[in-house]
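Following: one structure in C-alpha coordinates, then a few remarks.
The values are calculated or read from the model by the stated rules, or taken from the named source; none is laboratory data. In this text, all values refer to a predicted model and were calculated from it rather than measured experimentally. Because the Cβ atoms are built from the backbone with ideal geometry, glycine has one as well, and the counts that use them run over all protein chains shown. Heads up: the accessible areas ignore ligands, DNA and RNA and are worked out on the full protein's heavy atoms, side chains in. Shrake-Rupley method; radii C 1.70, N 1.55, O 1.52, S 1.80 Å.
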There are 2 protein chains.
Amino acid sequence: MSLRNAVLGFLALTPSTGYDLKSHFDGSVRQFWTADQAQIYRVLGQLVQDGLVTVEVIPQPDRPDRKVHHITAAGLAELDGWLASPLDAHTVREPFLLRLFFAGRLGAAGVIGLIDARAAAAEGQLAALTAVRAQQPNPADLERALRLATLDNGIRHTQTELDWLRDLRGTVTTTNTTSKEQER
Amino acid sequence: MSLRNAVLGFLALTPSTGYDLKSHFDGSVRQFWTADQAQIYRVLGQLVQDGLVTVEVIPQPDRPDRKVHHITAAGLAELDGWLASPLDAHTVREPFLLRLFFAGRLGAAGVIGLIDARAAAAEGQLAALTAVRAQQPNPADLERALRLATLDNGIRHTQTELDWLRDLRGTVTTTNTTSKEQER
DNA sequence: AGCCTATATATGTCAAGTCTTATATACGCG
DNA sequence: CGCGTATATAAGACTTGACATATATAGGCT
(Lines give C-alpha, C1' and ligand atoms only; values in the text may rest on other atoms or scores of the structure.)
Protein backbone atom coordinates (compact mmCIF):
# COMPACT_ATOMS: atom_id res chain seq x y z
CA MET A 1 0.00 0.00 0.00
CA SER A 2 2.92 2.33 0.69
CA LEU A 3 4.34 1.70 -2.75
CA ARG A 4 1.19 3.13 -4.23
CA ASN A 5 1.58 6.26 -2.15
CA ALA A 6 5.27 6.54 -2.85
CA VAL A 7 4.58 6.44 -6.59
CA LEU A 8 2.03 9.21 -6.14
CA GLY A 9 4.63 11.11 -4.16
CA PHE A 10 7.19 10.92 -6.94
CA LEU A 11 4.61 11.80 -9.59
CA ALA A 12 3.67 14.86 -7.54
CA LEU A 13 7.28 15.98 -7.88
CA THR A 14 7.50 15.35 -11.61
CA PRO A 15 5.63 13.32 -14.26
CA SER A 16 7.45 10.09 -14.92
CA THR A 17 7.45 6.80 -16.78
CA GLY A 18 7.64 3.51 -14.93
CA TYR A 19 11.26 3.36 -15.90
CA ASP A 20 11.90 6.82 -14.47
CA LEU A 21 10.18 5.83 -11.24
CA LYS A 22 12.39 2.80 -10.85
CA SER A 23 15.40 5.10 -11.17
CA HIS A 24 13.97 7.50 -8.62
CA PHE A 25 13.39 4.72 -6.12
CA ASP A 26 16.85 3.29 -6.60
CA GLY A 27 18.43 6.72 -6.56
CA SER A 28 16.89 8.51 -3.64
CA VAL A 29 14.94 6.30 -1.24
CA ARG A 30 16.83 3.05 -1.68
CA GLN A 31 18.17 3.06 1.88
CA PHE A 32 14.70 2.91 3.45
CA TRP A 33 12.42 1.70 0.68
CA THR A 34 12.80 -0.53 -2.34
CA ALA A 35 10.49 -1.03 -5.28
CA ASP A 36 10.32 -3.90 -7.72
CA GLN A 37 10.12 -2.86 -11.35
CA ALA A 38 7.23 -5.20 -12.16
CA GLN A 39 5.38 -3.95 -9.11
CA ILE A 40 5.81 -0.32 -10.18
CA TYR A 41 4.16 -0.99 -13.53
CA ARG A 42 1.30 -2.87 -11.90
CA VAL A 43 0.74 -0.05 -9.42
CA LEU A 44 0.77 2.50 -12.24
CA GLY A 45 -1.91 0.48 -14.00
CA GLN A 46 -4.07 0.52 -10.86
CA LEU A 47 -3.56 4.24 -10.37
CA VAL A 48 -4.70 4.92 -13.93
CA GLN A 49 -7.76 2.73 -13.43
CA ASP A 50 -8.55 4.59 -10.22
CA GLY A 51 -8.28 7.94 -11.96
CA LEU A 52 -5.42 9.13 -9.78
CA VAL A 53 -3.02 9.29 -12.69
CA THR A 54 -3.29 9.97 -16.44
CA VAL A 55 -1.05 8.67 -19.18
CA GLU A 56 0.58 10.70 -21.92
CA VAL A 57 2.08 8.51 -24.61
CA ILE A 58 5.20 9.93 -26.22
CA PRO A 59 6.04 7.90 -29.34
CA GLN A 60 9.65 6.98 -29.89
CA PRO A 61 10.85 5.58 -33.21
CA ASP A 62 13.50 3.19 -31.99
CA ARG A 63 12.34 2.31 -28.49
CA PRO A 64 9.11 1.45 -26.75
CA ASP A 65 6.92 4.54 -26.42
CA ARG A 66 7.38 6.49 -23.24
CA LYS A 67 4.22 6.41 -21.15
CA VAL A 68 4.56 9.49 -19.02
CA HIS A 69 2.26 9.39 -16.02
CA HIS A 70 0.79 12.60 -14.61
CA ILE A 71 -0.84 12.82 -11.21
CA THR A 72 -4.43 14.14 -11.17
CA ALA A 73 -6.20 16.31 -8.62
CA ALA A 74 -7.70 13.15 -7.15
CA GLY A 75 -4.23 11.68 -6.99
CA LEU A 76 -2.89 14.68 -5.11
CA ALA A 77 -5.82 14.44 -2.72
CA GLU A 78 -5.04 10.80 -2.01
CA LEU A 79 -1.38 11.61 -1.53
CA ASP A 80 -2.18 14.35 0.97
CA GLY A 81 -4.57 12.05 2.75
CA TRP A 82 -1.83 9.50 3.18
CA LEU A 83 0.73 12.07 4.31
CA ALA A 84 -1.62 13.38 6.99
CA SER A 85 -3.01 10.01 8.10
CA PRO A 86 -2.14 8.59 11.53
CA LEU A 87 1.11 6.66 11.74
CA ASP A 88 0.59 2.93 11.83
CA ALA A 89 2.90 0.95 14.07
CA HIS A 90 5.05 -0.77 11.53
CA THR A 91 6.51 -4.17 12.23
CA VAL A 92 10.28 -4.09 12.22
CA ARG A 93 12.22 -6.98 10.74
CA GLU A 94 15.83 -7.26 11.73
CA PRO A 95 17.21 -10.59 10.55
CA PHE A 96 20.54 -9.89 12.21
CA LEU A 97 18.98 -9.51 15.65
CA LEU A 98 16.98 -12.66 15.08
CA ARG A 99 20.14 -14.54 14.33
CA LEU A 100 21.96 -13.05 17.26
CA PHE A 101 19.11 -14.08 19.53
CA PHE A 102 19.80 -17.73 18.72
CA ALA A 103 23.53 -17.42 18.12
CA GLY A 104 24.63 -18.67 21.54
CA ARG A 105 24.93 -22.13 19.98
CA LEU A 106 27.82 -20.88 17.89
CA GLY A 107 29.96 -20.17 20.92
CA ALA A 108 31.78 -16.92 21.60
CA ALA A 109 34.11 -17.23 18.61
CA GLY A 110 31.24 -17.73 16.22
CA VAL A 111 29.33 -14.82 17.69
CA ILE A 112 32.38 -12.58 17.33
CA GLY A 113 32.47 -13.61 13.69
CA LEU A 114 28.84 -12.56 13.25
CA ILE A 115 29.47 -9.27 14.99
CA ASP A 116 32.50 -8.47 12.88
CA ALA A 117 30.67 -9.31 9.65
CA ARG A 118 27.84 -7.05 10.66
CA ALA A 119 30.24 -4.29 11.65
CA ALA A 120 32.04 -4.51 8.31
CA ALA A 121 28.74 -4.14 6.46
CA ALA A 122 27.76 -1.21 8.65
CA GLU A 123 31.13 0.49 8.14
CA GLY A 124 30.68 0.21 4.39
CA GLN A 125 27.22 1.62 4.57
CA LEU A 126 28.32 4.46 6.79
CA ALA A 127 31.06 5.38 4.33
CA ALA A 128 28.61 5.31 1.42
CA LEU A 129 26.05 7.43 3.25
CA THR A 130 28.53 10.02 4.48
CA ALA A 131 29.96 10.27 0.96
CA VAL A 132 26.52 11.05 -0.42
CA ARG A 133 25.85 13.38 2.47
CA ALA A 134 29.06 15.34 1.81
CA GLN A 135 27.87 16.17 -1.69
CA GLN A 136 24.61 17.66 -0.54
CA PRO A 137 24.33 21.45 -0.41
CA ASN A 138 22.63 23.16 2.50
CA PRO A 139 18.92 22.68 1.94
CA ALA A 140 17.21 25.77 0.61
CA ASP A 141 13.65 24.75 1.37
CA LEU A 142 11.58 22.40 3.47
CA GLU A 143 11.42 19.64 0.86
CA ARG A 144 15.19 19.46 0.55
CA ALA A 145 15.63 19.66 4.29
CA LEU A 146 13.37 16.64 4.73
CA ARG A 147 15.16 14.61 2.10
CA LEU A 148 18.45 15.41 3.73
CA ALA A 149 16.94 14.40 7.06
CA THR A 150 16.15 10.91 5.76
CA LEU A 151 19.81 10.59 4.84
CA ASP A 152 20.92 11.79 8.27
CA ASN A 153 18.57 9.29 9.85
CA GLY A 154 20.41 6.49 8.07
CA ILE A 155 23.79 7.84 9.10
CA ARG A 156 22.84 8.18 12.75
CA HIS A 157 21.29 4.74 13.01
CA THR A 158 24.25 3.16 11.28
CA GLN A 159 26.57 4.88 13.73
CA THR A 160 24.41 3.70 16.62
CA GLU A 161 24.59 0.17 15.29
CA LEU A 162 28.37 0.37 15.16
CA ASP A 163 28.57 1.68 18.71
CA TRP A 164 26.32 -1.09 19.91
CA LEU A 165 28.35 -3.72 18.04
CA ARG A 166 31.58 -2.45 19.58
CA ASP A 167 30.14 -2.70 23.09
CA LEU A 168 28.61 -6.08 22.39
CA ARG A 169 31.92 -7.40 21.15
CA GLY A 170 33.44 -6.41 24.47
CA THR A 171 30.64 -8.00 26.42
CA VAL A 172 30.85 -11.27 24.51
CA THR A 173 34.58 -11.52 25.13
CA THR A 174 34.13 -10.82 28.84
CA THR A 175 31.17 -13.17 29.26
CA ASN A 176 33.09 -15.91 27.52
CA THR A 177 36.10 -15.45 29.75
CA THR A 178 33.96 -15.47 32.88
CA SER A 179 32.12 -18.55 31.73
CA LYS A 180 35.38 -20.38 31.07
CA GLU A 181 36.67 -19.46 34.46
CA GLN A 182 33.50 -20.79 36.03
CA GLU A 183 34.03 -24.09 34.28
CA ARG A 184 37.33 -24.59 36.01
CA MET B 1 12.80 -18.19 5.11
CA SER B 2 13.95 -16.64 8.36
CA LEU B 3 10.75 -17.73 10.07
CA ARG B 4 11.68 -21.31 9.39
CA ASN B 5 15.05 -20.79 11.02
CA ALA B 6 13.61 -18.85 13.92
CA VAL B 7 11.21 -21.72 14.64
CA LEU B 8 14.13 -24.11 14.60
CA GLY B 9 15.93 -21.73 16.95
CA PHE B 10 13.11 -21.77 19.47
CA LEU B 11 12.69 -25.53 19.22
CA ALA B 12 16.40 -25.90 19.93
CA LEU B 13 15.81 -24.09 23.21
CA THR B 14 12.78 -26.13 24.18
CA PRO B 15 10.21 -28.42 22.50
CA SER B 16 7.04 -26.47 21.79
CA THR B 17 3.61 -26.52 20.27
CA GLY B 18 2.62 -24.05 17.59
CA TYR B 19 0.73 -22.18 20.24
CA ASP B 20 3.81 -22.03 22.47
CA LEU B 21 5.87 -20.74 19.57
CA LYS B 22 3.44 -17.94 18.92
CA SER B 23 3.79 -16.93 22.56
CA HIS B 24 7.58 -17.07 22.34
CA PHE B 25 7.63 -14.87 19.26
CA ASP B 26 5.26 -12.35 20.81
CA GLY B 27 7.05 -12.48 24.12
CA SER B 28 10.72 -12.26 23.31
CA VAL B 29 11.49 -11.23 19.73
CA ARG B 30 8.42 -9.11 18.99
CA GLN B 31 10.44 -5.90 18.70
CA PHE B 32 12.50 -7.15 15.75
CA TRP B 33 10.54 -10.06 14.33
CA THR B 34 6.90 -11.00 14.12
CA ALA B 35 5.29 -14.28 13.23
CA ASP B 36 1.78 -14.95 12.05
CA GLN B 37 0.05 -17.80 13.82
CA ALA B 38 -1.14 -19.47 10.61
CA GLN B 39 2.35 -19.17 9.17
CA ILE B 40 3.90 -20.84 12.21
CA TYR B 41 1.67 -23.88 11.78
CA ARG B 42 2.44 -24.08 8.09
CA VAL B 43 6.17 -23.85 8.74
CA LEU B 44 5.92 -26.56 11.40
CA GLY B 45 4.22 -28.78 8.83
CA GLN B 46 7.05 -28.23 6.38
CA LEU B 47 9.70 -28.88 9.01
CA VAL B 48 8.07 -32.19 9.90
CA GLN B 49 7.91 -33.15 6.23
CA ASP B 50 11.58 -32.26 5.84
CA GLY B 51 12.52 -34.39 8.83
CA LEU B 52 13.92 -31.46 10.80
CA VAL B 53 11.29 -31.80 13.49
CA THR B 54 9.27 -34.65 15.03
CA VAL B 55 5.84 -34.46 16.60
CA GLU B 56 4.82 -35.84 19.95
CA VAL B 57 1.06 -35.81 20.43
CA ILE B 58 -0.07 -35.25 23.99
CA PRO B 59 -3.79 -35.99 24.27
CA GLN B 60 -5.91 -33.60 26.28
CA PRO B 61 -9.45 -34.45 27.30
CA ASP B 62 -11.01 -31.00 27.08
CA ARG B 63 -8.87 -29.22 24.54
CA PRO B 64 -7.26 -29.98 21.22
CA ASP B 65 -4.31 -32.33 21.68
CA ARG B 66 -0.99 -30.65 22.18
CA LYS B 67 1.38 -31.39 19.31
CA VAL B 68 4.76 -30.86 20.86
CA HIS B 69 7.45 -30.44 18.22
CA HIS B 70 11.00 -31.65 18.88
CA ILE B 71 13.96 -30.62 16.78
CA THR B 72 15.98 -33.47 15.23
CA ALA B 73 19.72 -33.74 14.63
CA ALA B 74 19.09 -32.70 11.03
CA GLY B 75 17.15 -29.73 12.32
CA LEU B 76 19.99 -28.66 14.59
CA ALA B 77 22.38 -29.00 11.66
CA GLU B 78 20.21 -26.76 9.53
CA LEU B 79 19.93 -24.24 12.36
CA ASP B 80 23.69 -24.12 12.79
CA GLY B 81 24.13 -23.76 9.06
CA TRP B 82 21.87 -20.73 9.07
CA LEU B 83 23.55 -19.17 12.10
CA ALA B 84 26.96 -19.45 10.47
CA SER B 85 25.90 -18.47 6.94
CA PRO B 86 27.01 -15.14 5.44
CA LEU B 87 24.83 -12.16 6.28
CA ASP B 88 22.58 -11.15 3.44
CA ALA B 89 22.04 -7.44 2.91
CA HIS B 90 18.48 -7.06 4.07
CA THR B 91 16.25 -4.41 2.56
CA VAL B 92 15.09 -1.96 5.18
CA ARG B 93 11.54 -0.64 5.07
CA GLU B 94 10.89 2.52 7.00
CA PRO B 95 7.43 3.83 6.16
CA PHE B 96 7.97 6.89 8.31
CA LEU B 97 11.02 7.99 6.35
CA LEU B 98 9.17 7.38 3.12
CA ARG B 99 6.41 9.65 4.28
CA LEU B 100 8.79 12.28 5.50
CA PHE B 101 10.53 12.23 2.14
CA PHE B 102 7.32 13.44 0.49
CA ALA B 103 5.96 15.42 3.41
CA GLY B 104 7.08 18.82 2.20
CA ARG B 105 3.62 19.22 0.66
CA LEU B 106 2.14 19.32 4.15
CA GLY B 107 4.00 22.51 5.04
CA ALA B 108 6.06 23.03 8.17
CA ALA B 109 3.11 22.74 10.55
CA GLY B 110 2.06 19.41 9.07
CA VAL B 111 5.61 18.09 9.20
CA ILE B 112 5.92 19.10 12.85
CA GLY B 113 2.74 17.13 13.45
CA LEU B 114 4.27 14.05 11.83
CA ILE B 115 7.46 14.46 13.83
CA ASP B 116 5.61 14.83 17.12
CA ALA B 117 3.46 11.78 16.41
CA ARG B 118 6.54 9.75 15.66
CA ALA B 119 8.30 11.06 18.75
CA ALA B 120 5.34 10.14 20.94
CA ALA B 121 5.38 6.60 19.58
CA ALA B 122 9.13 6.35 20.12
CA GLU B 123 8.84 7.68 23.69
CA GLY B 124 6.28 5.03 24.44
CA GLN B 125 8.44 2.33 22.99
CA LEU B 126 11.49 3.54 24.86
CA ALA B 127 9.56 3.44 28.12
CA ALA B 128 8.34 -0.08 27.41
CA LEU B 129 11.79 -1.33 26.47
CA THR B 130 13.57 0.24 29.43
CA ALA B 131 10.91 -1.20 31.75
CA VAL B 132 11.59 -4.69 30.40
CA ARG B 133 15.31 -4.05 30.53
CA ALA B 134 15.15 -3.01 34.18
CA GLN B 135 13.72 -6.40 35.11
CA GLN B 136 16.53 -8.35 33.50
CA PRO B 137 19.22 -9.76 35.75
CA ASN B 138 22.86 -9.59 34.76
CA PRO B 139 23.34 -12.27 32.13
CA ALA B 140 25.02 -15.36 33.46
CA ASP B 141 25.95 -16.90 30.14
CA LEU B 142 26.47 -16.09 26.47
CA GLU B 143 22.90 -16.93 25.44
CA ARG B 144 21.40 -14.56 27.97
CA ALA B 145 23.92 -11.88 27.14
CA LEU B 146 22.91 -12.03 23.49
CA ARG B 147 19.21 -11.84 24.24
CA LEU B 148 19.82 -8.86 26.44
CA ALA B 149 21.88 -7.34 23.64
CA THR B 150 18.93 -7.48 21.23
CA LEU B 151 16.94 -5.55 23.80
CA ASP B 152 19.71 -2.97 24.19
CA ASN B 153 19.83 -2.63 20.42
CA GLY B 154 16.20 -1.59 20.42
CA ILE B 155 16.72 0.87 23.25
CA ARG B 156 19.70 2.50 21.59
CA HIS B 157 18.06 2.84 18.19
CA THR B 158 14.90 4.22 19.73
CA GLN B 159 16.98 6.78 21.60
CA THR B 160 18.81 7.65 18.38
CA GLU B 161 15.50 8.11 16.63
CA LEU B 162 14.36 10.48 19.38
CA ASP B 163 17.56 12.51 19.16
CA TRP B 164 17.22 12.76 15.40
CA LEU B 165 13.58 13.79 15.69
CA ARG B 166 14.44 16.52 18.18
CA ASP B 167 17.09 17.95 15.87
CA LEU B 168 14.85 17.64 12.85
CA ARG B 169 12.10 19.49 14.64
CA GLY B 170 14.49 22.36 15.21
CA THR B 171 15.64 22.33 11.60
CA VAL B 172 12.10 22.36 10.24
CA THR B 173 11.19 25.33 12.41
CA THR B 174 14.29 27.22 11.31
CA THR B 175 13.94 26.37 7.62
CA ASN B 176 10.33 27.42 7.70
CA THR B 177 11.19 30.76 9.28
CA THR B 178 13.97 31.40 6.77
CA SER B 179 11.69 30.46 3.90
CA LYS B 180 9.01 32.84 5.13
CA GLU B 181 11.52 35.65 5.45
CA GLN B 182 12.67 35.02 1.91
CA GLU B 183 9.11 35.34 0.70
CA ARG B 184 8.87 38.88 2.03
C1' DA C 1 31.93 -11.29 -32.58
C1' DG C 2 29.79 -11.63 -28.31
C1' DC C 3 28.26 -9.66 -24.07
C1' DC C 4 26.73 -6.11 -20.98
C1' DT C 5 24.26 -1.90 -20.07
C1' DA C 6 20.79 1.50 -21.00
C1' DT C 7 16.18 2.61 -22.56
C1' DA C 8 11.17 1.09 -22.01
C1' DT C 9 7.08 -1.85 -21.02
C1' DA C 10 4.77 -6.04 -19.70
C1' DT C 11 3.42 -10.83 -18.22
C1' DG C 12 3.83 -15.11 -15.62
C1' DT C 13 4.93 -17.60 -11.63
C1' DC C 14 6.09 -18.41 -7.05
C1' DA C 15 6.96 -17.56 -2.11
C1' DA C 16 5.75 -15.34 2.05
C1' DG C 17 3.00 -13.07 4.93
C1' DT C 18 -1.66 -11.24 6.54
C1' DC C 19 -6.36 -11.70 7.74
C1' DT C 20 -10.48 -14.30 8.52
C1' DT C 21 -12.95 -18.01 9.99
C1' DA C 22 -13.85 -22.61 12.08
C1' DT C 23 -13.86 -25.85 16.04
C1' DA C 24 -14.01 -26.77 21.40
C1' DT C 25 -13.90 -25.81 26.21
C1' DA C 26 -13.23 -23.15 30.48
C1' DC C 27 -12.68 -19.25 33.34
C1' DG C 28 -13.19 -14.61 34.98
C1' DC C 29 -15.22 -9.96 34.63
C1' DG C 30 -19.04 -6.86 34.63
C1' DC D 1 -25.82 -14.15 31.12
C1' DG D 2 -22.93 -12.62 27.68
C1' DC D 3 -18.35 -11.24 26.37
C1' DG D 4 -13.57 -11.41 26.16
C1' DT D 5 -9.50 -14.13 26.95
C1' DA D 6 -6.79 -18.29 27.20
C1' DT D 7 -5.78 -22.83 25.36
C1' DA D 8 -4.97 -25.39 20.83
C1' DT D 9 -4.98 -26.40 15.75
C1' DA D 10 -6.02 -25.60 10.96
C1' DA D 11 -7.77 -24.19 6.32
C1' DG D 12 -9.12 -20.52 3.06
C1' DA D 13 -8.65 -16.30 0.61
C1' DC D 14 -6.03 -12.55 -0.48
C1' DT D 15 -2.09 -9.15 -0.99
C1' DT D 16 2.61 -8.06 -1.68
C1' DG D 17 6.62 -8.61 -3.28
C1' DA D 18 10.51 -11.10 -5.66
C1' DC D 19 12.30 -13.19 -9.66
C1' DA D 20 12.44 -14.61 -14.35
C1' DT D 21 11.46 -13.82 -18.93
C1' DA D 22 10.00 -11.52 -23.31
C1' DT D 23 10.47 -7.79 -26.79
C1' DA D 24 13.33 -4.23 -29.36
C1' DT D 25 17.34 -1.23 -30.43
C1' DA D 26 21.75 1.12 -29.68
C1' DG D 27 26.17 1.82 -27.91
C1' DG D 28 30.38 0.51 -25.58
C1' DC D 29 33.64 -2.80 -23.81
C1' DT D 30 36.59 -6.95 -24.30
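How many Å² of accessible surface get buried when B and A come together, counting both sides, probe radius 1.4 Å, rounded to the nearest 100?
6500 Å²
Distance from the Cα centroid of segment B:38-79 to that of segment B:102-173 is 36 Å (rounded to whole angstrom). Residue-level result for chain B: its Cβ closest to the axis carrying B onto A, with that distance in Å, is B:THR160, 2. Between helix B:142-183 and chain B there is an angle of about 20 degrees, using the helix long axis and the longest principal axis of the Cα atoms.
As an equivalent ellipsoid, chain A spans semi-axes of 44, 18, 16 angstrom, where each value is the square root of five times an eigenvalue of the C-alpha gyration tensor, largest first.
Under 20 °C and 1.002 mPa s, how fast does the protein assembly as shown diffuse according to Stokes-Einstein, given a Kirkwood radius computed over C-alpha pairs? Answer in µm²/s, whole number. It comes out at roughly 91 µm²/s.
Taking chain A as the reference, fit the longest principal axis to its C-alpha atoms, fit the long axis of helix A:107-135 to the helix C-alpha atoms, and give the angle between the two in degrees, 0 to 90, nearest 10. It is inclined by approximately 40 degrees.
Counting charges near A:GLY113 (Lys, Arg +1; Asp, Glu -1) among other residues having Cβ under 15 Å from its Cβ returns a value of +2. Counting only protein heavy atoms and a 1.4 Å probe, tell me what percentage of the protein assembly as shown's accessible area is made up of carbon and sulfur. Result for the protein assembly as shown: 52 percent of the exposed heavy-atom area is carbon or sulfur. Normalised per residue, the accessible area of segment A:95-183 is 47 Å², obtained with a 1.4 Å probe and no contribution from ligands, DNA or RNA. Annotation for A:TYR41, label-to-label distances across the other copies: 3.8 nm (shortest first, one decimal, point 7 Å from Cα along Cα→Cβ). Computed from the mean reciprocal separation of all distinct C-alpha pairs, what Kirkwood hydrodynamic radius does segment B:95-183 have, in Å? Mean inverse Cα-Cα distance, inverted, gives 15.1 Å.
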